[in-house]
Amino acid sequence: MAKLLVIYASDYGNTKKAAEVVAGGAKSVPGTEVVLLQAEKVKAEDALAADAIIVGSPVHMGSMDWRIKTFIDRVCGGLWMKDAMIGKVGAVFATGSGYGDTGGGAELTMLSMLNNFAELGMIIVPLPKNTPGYPKGGLQWGAYARSAGENLEQTGVSEDSLAAAKNHGANVARLAAALKGAKVFGG
């Protein structure tokens, strides 16, 4: 059984909703256990117990949320020193509301989180362009959902934009299960 940890920070509930959809997609893969946690509640033991970690952040001025960065610094920093995350599966998603179709900085936010996963030696899962929902909620780096209109008014995330998030969770779960079955994690 592959164990996935979905970590998120949320300001208006949009990233939480996306995290729940990602987790639901992962749970749709038979034999997958999913734990959903707010970034500030994640401990090193949670990350170590997971075969895959999917992190979601709202866009904050073109970058990840401070709570996600704190998780990376406080939890992942010590694990990096011990090479404890090498070979685990990693993926990301974002929500944003700035100017531009992807929510003003979603791509940079996802890239910055993926950079941290690369530093940890994790196997990074991209989002293929043939993923259902990709045209409304996907970039090669991961799923995203726009959370505001053109005038920055909160609209919430649409079901159309969340379709890619569900499929992203399932893609990550399938890879984690395949690697677990190959005993890459020692299991």
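Observations
- Residue selected from region 61-101 under the condition crowded, with 19+ Cβ neighbours inside 10 Å and polar (S, T, N, Q), by the criterion farthest from ASN115 (Cα to Cα): SER97
- Residues satisfying the stated conditions in region 1-23, i.e. over 23 Å from MET64 (Cβ atoms) and either surrounded by 24 or more Cβ atoms within 10 Å (Cβ to Cβ) or under 14 Å from the mean Cα position of the chain (by Cα) (or both): ALA2
- GLY31 vs. criteria more than 15 Å from VAL172 (Cα to Cα), of a type outside the set (A, V, I, L, M) and either touching a Pro at 6+ places or on another chain (Cβ under 8 Å) or at pLDDT below 95 (or both): no
- Complete set of residues in region 28-45 that are of a type outside the set (A, V, I, L, M) and either touching a His at 6+ places or on another chain (Cβ under 6 Å) or surrounded by fewer than 17 Cβ atoms within 10 Å (Cβ to Cβ) (or both): SER28, PRO30, GLY31, GLU33, GLN38, GLU40, LYS41, LYS43, GLU45
- All positions within region 128-141 that are in contact (Cβ under 8 Å) with a residue 40 or more places away in the chain and under 12 Å from ALA163 (Cα atoms): THR131
- When ILE68, ILE86, ILE53 are checked against the criterion of being touching a Leu at 6+ places or on another chain (Cβ under 9 Å), touching a residue at least 60 places away in the same chain (Cβ under 8 Å) and either under 27 Å from GLY31 (Cβ atoms) or hydrophobic (A, V, I, L, M, F, W, C) (or both), a single residue qualifies: ILE53.
The values are calculated or read from the model by the stated rules, or taken from the named source; none is laboratory data. The model shown is predicted, which means the values in this text are computed figures rather than measured ones. Positions of Cβ are backbone-derived with ideal geometry, glycine not excepted, and every protein chain shown enters the neighbour counts.
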